[in-house]
Amino acid sequence: RLTPQIIRVQSPEGVKRITATKRETVATFLKKVAKEFGFRNNGFSVYTNRNRTGEITASQNKSLNLLKIKHGDMLFLYPSSPAGPSSETMDTSGSQSLRPVGAPQVVEDEIDQYLIKQDGKIYRNRDPQLCRHGPLGKCVYCVPLEPFDEDYLNHLEPPVKHMSFHAYIRKLTGGADKGKFVALENISCKIKSGCEGHLPWPEGICTKCQPSAITLNRQKYRHVDNIMFENHTIADRFLDFWRKTGNQHLGYLYGRYTEHKDIPLGIRAEVAAIYEPPQIGTQNSLEILDDPKAEVVDEIAAKLGLRKVGWIFTDLVSEDTRKGTVRYSRNKDTYYLSAEECITAGNFQNQHPNICRLSPDGHFGSKFVTVVATGGPDNQVHFEGYQVSNQCMALVRDECLLPCRDAPELGYAKESSSEQYVPDVFYKDIDKFGNEITQLARPLPVEYLIIDITTTFPKDPVYTFSISQNPFPIENRDVLGETQDFHSLATYLSQNTSSVFLDIISDFHLLLFLVTNEVMPLRDSISLLLEAVRTKNEELAQTWKKSEQWATIEQLCSTVGVQISGLQEYGAVGGSTHAASAAMWACEHCTFMNQPGTDQCEMCTLPRS
């Protein structure tokens, strides 16, 4: 039986490993190379030397052994023509299509594309005491610093423990080769597939397919450097659920990523709205239920120029109801995030990867953030922001990390079984003699996995959506008696009588109701209104207001006993019973719209209630 061998092929975009045999023909080997790199035709050349000498040509008669290509050799691939998205020699459907040096592998986020173009250096003024040169000169005391300068970050107020991700990239690409061969590899805790030299696990394993042991280190960088809520109203409305029920609550943060100028090349997650999914909350637990509207919410948010940037949950216990204080429970003596919360955060971050051109996989880490509303040292509600490290993401993705039942501050690295091989996980600690020792992560202090992020509110509030004294109810709050239906819509519209229609309709939860309600969903006809809200264009909003869809919405609202155009309620105190009977009415059983003056539903024949 022929022993398989691994041939490394280096391209301008990175290295790939091709499995072959000694007797394999060169033509067959080159077909494997073309398939691995996403070529349709022979739009590339492979050489034995980096300087493009010793070209390997396709031949059905020559074998790899004849060309003296053996296990572990490095070959060099160069595209024979400039390859891009429109190139005919490229398989553009492949995620790893080849491109010229410096071209991005994937389309990165707008904020990443912006920061790549920035200088990023920290400019300093001339020091009048230490600088001995003229105004145009530079010395060690005033020369610009690199964005990853740790001494500068440590002397900021407050000190910055983690450099920004783009500063970290500048550090990797700042050498003489400009990071030409830099590749941000994602950690894998799984056995590599395709190893043919032995039986599959648990009968066999070798050093080629065995994942490396992991030593947990505190991550030096973070993908998001600041979390900012646009205004206090967003957070207050979210906290209202806990204030009214005493139960914990969870929501998804929708917003955008912008530049954070307080840190060199920093990224800020700005929160414009909180969506509350179906859930079951108690005083000390949360259970997230399946959300059939999740895709629609993401779609509407995207049309509003927003995206899901994180999640938020409460951990609040009232201490003194007269003073309005809460218990300070999360601190250095207990924990900041429990192991179960770290696993949940890691799962969310894996679902929302960070697109990255320097990773062979096209993604590296995540910008998805975690916010905890909990008691602070002053016994007031504080918002604390976190992410988990890329190492934690890998452990969670490959199902290697478990929570401890009795100690929330400890995790536990799984042990290998016949179903799953788990690599050894270690962390470094200091013993009682002050020596650095390596410990097996069974159990594991979760502070090795956590990255803290400052969470702030602006001095000058920003309002992507309008704020009303009588806001539209938030979704999935039926337990409070707050329901989203046409009666609540009619009440909201009657209480908000602004002449500017855009101010009335610019409510995130109201827009979601218009799209997701079961009586008359407007998913296919609301794009114009969403564009008006996104661009704050009153003319566009007025144009949509004249549509048939809005007229039908008004008609549906009138059937529940509230008139939109004014504050007068029909069929209620001071109203006109005749006017109520002269309007179309919706059957409570089948929702069919019936003509005025009828007492029986035309569709289901049930009497009007």
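Looking at 223, 246, 257, which one has the Cα that reaches farthest to the positive end of the dipole of the stretch 206-259 (charges on Cβ: Lys, Arg +1; Asp, Glu -1)?
The Cα lying farthest towards the positive end belongs to 223.
Taking 7 Å along the Cα-to-C-beta vector as the label spot, tell me the residue 239-residue 523 distance in nanometres, rounded to one decimal.
3.6
Can you tell me the orientation of helix 486-495 relative to the chain, as the angle in degrees between its alpha-carbon axis and the longest Cα principal axis, to the nearest 10?
Taking the Cα atoms of the chain, the angle to 486-495 is about 70 degrees.
Rounded to a whole number, what % of the accessible area of the chain do carbon and sulfur atoms account for, probe 1.4 Å? It would help to have the intermediate numbers written out before the result.
Working: 16030 of 32580 Å².
Accessible surface attributable to carbon and sulfur in the chain totals 49 percent.
Which Cα, out of 202, 133, 158, lies furthest along the positive dipole direction of the chain (beta carbon charges, K/R +1, D/E -1)?
133
Can you work out D for the chain in µm² s⁻¹ from Stokes-Einstein, where Rh is the Kirkwood radius over C-alpha pairs, the temperature is 10 °C and the viscosity is 1.306 mPa s? Numbers along the way, then the final one.
Values: Rh = 29.0 Å.
In µm²/s, the coefficient rounds to 55.
How large is the charge dipole for the chain, taken about the Cα centre, if only the Cβ atoms of Lys, Arg (+1) and Asp, Glu (-1) carry charge, to the nearest 20 debye? Walk me through the numbers on the way to the answer.
Details: 64 positive and 75 negative charges, 704 e Å.
In total the dipole reaches around 3380 debye.
Within 9 Å, Cβ to Cβ, of residue 276, how many net charges do the neighbouring residues add up to if Lys/Arg are +1 and Asp/Glu are -1? Before the final figure, lay out each step's value.
Numbers: positive: 477; negative: 475.
Value of the local net charge: 0.
Given a Förster distance of 45 Å, report the FRET efficiency between residue 282 and residue 430 from their Cβ-Cβ distance, rounded to the nearest 0.05. Walk me through the numbers before you get to the answer.
On the way: r = 39 Å, r/R0 = 0.86.
Result of the calculation: an efficiency of 0.70.
Set the Förster distance to 51 Å, then compute FRET efficiency between residue 595 and residue 462 from the Cβ-Cβ distance, nearest 0.05. Before the final figure, lay out each step's value.
Values: r = 47 Å, r/R0 = 0.93.
E between residue 595 and residue 462, to the nearest 0.05, is 0.60.
May I ask what percent, to the nearest 5, of DSSP beta bridges between residues of the chain are antiparallel? Working shown, then result.
Working: 63 of 84 bridges.
Once the DSSP bridges in the chain are tallied, antiparallel ones form about 75 percent.
Mind listing P(r) for the stretch 478-560? All alpha-carbon pairs, 5 Å bins, whole percents.
Over the stretch 478-560, the share of Cα pairs per 5 Å bin runs 3, 14, 25, 30, 19, 6, 3, 0 percent.
Quick one: if you stick a label point 7 Å off each Cα along the C-beta vector at residue 406 and residue 154, how many nm between them?
About 4.0 nm, to one decimal.
Over the stretch 215-456, what per residue volume does the convex hull of the Cα atoms give, in whole Å³?
Numbers: hull volume 42.1 nm³, N = 242.
Each residue corresponds to 174 Å³ of Cα convex hull volume.
Given +1 on the Cβ of Lys and Arg, -1 on the Cβ of Asp and Glu, and no further charges, what dipole in debye does the stretch 200-278 carry about its Cα centre, rounded to the nearest 20? The partial results should precede the final answer.
Details: 10 positive and 9 negative charges, 44 e Å.
Dipole about the Cα centre, nearest 20: 220 debye.
For the chain, what is the accessible area per residue in Å² when the probe is 1.4 Å? Walk me through the numbers on the way to the answer.
On the way: 32580 Å² over 609 residues.
Dividing the accessible area of the chain by its residue count gives 54 Å².
Work out the charge dipole of the chain with +1 on the Cβ of Lys and Arg and -1 on the Cβ of Asp and Glu about the Cα centre, then indicate which of 211, 67, 345 is farthest towards its positive end.
Positive-end residue among those listed: 67.
For the stretch 320-420, just say rounded, prolate or oblate: build the C-alpha gyration tensor, square-root its eigenvalues into a ≥ b ≥ c, call rounded for a/c under 1.5, and beyond that prolate if a/b exceeds b/c, oblate if not.
Numbers: a/c = 3.68, a/b = 1.60, b/c = 2.30.
It is oblate, given that a/c is not under 1.5 and a/b is not larger than b/c.
If I model a spin label at residue 322 and residue 482 as a point 7 Å from the Cα along the Cα→Cβ vector, what separation in nanometres do I get?
2.9
Per DSSP helix of 4 or more residues, -39500 (n - 2.57); summed, then divided by the residues of the chain. What does that give at 222 nm, rounded to the nearest 500? Intermediate values should be presented prior to the final figure.
Numbers: 15 runs with 134 residues, N = 609.
The helix contribution divided over the chain gives -6000 deg cm²/dmol.
Arrange the peptides 246-254, 183-191 so that the one whose residues have, on average, the most other Cβ atoms within 10 Å appears first. Intermediate results must be reported in sequence, preceding the final value.
Values: 246-254: 20.9, 183-191: 16.7.
Ranked from most to least packed, the peptides come out as 246-254, 183-191.
Report the charge-dipole magnitude of the stretch 4-79 in Debye, nearest 20, computed about the Cα centre from +1 at each Lys and Arg Cβ and -1 at each Asp and Glu Cβ.
Working: 14 positive and 5 negative charges, 33 e Å.
With Lys and Arg at +1 and Asp and Glu at -1, about 160 debye.
The values are calculated or read from the model by the stated rules, or taken from the named source; none is laboratory data. This is a predicted model, so every value here is computed, not measured. Note that each Cβ is placed from the backbone with ideal geometry, even for glycine, and that neighbours are counted across all protein chains shown. These area figures cover heavy atoms from the full protein model, side chains too; ligands, DNA and RNA do not enter into them. Shrake-Rupley method; radii C 1.70, N 1.55, O 1.52, S 1.80 Å.
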